[in-house]
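These notes are about the structure you will find just below.
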Amino acid sequence: MCKLGNKIKSIPTESISYFYSKDKMTFLVNEKEQRFPVNNTLDEIDQLVDPDHFFRINRKFIAHFNSISEIHPYFKGRLKLKLTPQIDDDIVVSTEKSPLFKAWLDK
C-alpha cells in the first residue's frame, strides 16, 4: 500500500520491480516505470517481502527476480546489475553478498 496525497493505492506485489532508498526516502518502482513513495524503510521491507522473489542487493536496493535484466562481473568479486525499468544509479552486489545472490538466482 502506498500513500499518494490523501489516497492510498494498492500495488500488487507481482508488479513491483524494485524498492530503493534515496535522500532518506524509500520508493517502490513498478513494471510500468511508476515510482511511489513508501513509508517503510528498506530494512522493514526486507522483512515483509517474499525472499524467493526479492533480494536485498545492497543498502539502497531490494530487487524482484524479474527486474534483473543483466549481471556483469565487477571489481574484486562484486557484481554489477542492470534493472528494468532502468535507473541511473550503479547497482552493485558486494563481494560478501555475491555468493548469496548467485545461490538465490539458482533457486
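The values are calculated or read from the model by the stated rules, or taken from the named source; none is laboratory data. From a predicted model like this one, the values you see are computed outputs, not experimental measurements. No Cβ is skipped: glycine too gets one built from the backbone with ideal geometry, and neighbour counts run over all protein chains shown. Note: accessible area is taken over every heavy atom of the protein model, side chains too, but ligands, DNA and RNA are not part of it. Shrake-Rupley method; radii C 1.70, N 1.55, O 1.52, S 1.80 Å.
Would you say L42 is over 21 Å from I57 (Cβ atoms) and open to solvent by less than 80 Å² (accessible area, probe 1.4 Å)?
no
Looking only at the stretch 13-25, which residues are farther than 12 Å from K60 by Cβ and open to solvent by less than 70 Å² (accessible area, probe 1.4 Å)? Don't jump to the end; show me each part of the working.
Residues of the stretch 13-25 that are farther than 12 Å from K60 by Cβ, as a first pass: 13-17.
Result: S15, I16, S17.
Output the residue which, of all residues in the stretch 15-39 that are part of a loop (DSSP other than H, G, I, E, B) and at pLDDT 90 or above, is nearest to H64 (Cα to Cα).
Narrowing the stretch 15-39 to residues part of a loop (DSSP other than H, G, I, E, B): 23-24, 31-34, 39.
Adding the requirement that they be at pLDDT 90 or above leaves 23-24, 31-34.
Working: D23: 22, K24: 21, E31: 10, K32: 14, E33: 14, Q34: 15 Å.
Looking at the filtered set, the residue picked out is E31.
Only residues that are without any contact (Cβ under 8 Å) to a residue 40 or more places away in the chain and not in a loop (DSSP other than H, G, I, E, B): list them for the stretch 1-14, please.
Hits for the stretch 1-14 are C2, K3, L4, K7, I8, K9, E14.
Is there any pair with a first residue in the stretch 96-107 that is under 19 Å from K76 (Cβ atoms) and a second that is part of a loop (DSSP other than H, G, I, E, B) and of a type outside the set (G, A, S) whose Cβ atoms are under 8 Å apart and which are 6 or more apart or on different chains, and what are they?
Close Cβ pairs satisfying both conditions: K97/I57; K97/N58; S98/R78; F101/I57.
Yes or no: L100 under 12 Å from the mean Cα position of the chain (by Cα) and outside any loop (DSSP other than H, G, I, E, B)? Explain how you work it out, then say what you get.
On the way: under 12 Å from the mean Cα position of the chain (by Cα): no; outside any loop (DSSP other than H, G, I, E, B): yes.
Here the answer is no, as L100 does not meet what is asked.
Mind listing whichever residues of the stretch 67-93 are surrounded by 15 or more Cβ atoms within 10 Å (Cβ to Cβ) and either within 23 Å of M25 (Cβ to Cβ) or under 12 Å from the mean Cα position of the chain (by Cα) (or both)?
Within the stretch 67-93, S67, I68, L81, L83, T84, P85, I87, I91, V92, V93 qualify.
Name, by its number, the condition in (1) assigned to a strand (DSSP E or B); (2) touching a Ser or Thr at 6+ places or on another chain (Cβ under 7 Å) that does not hold for N58.
Every condition holds for N58 apart from (1).
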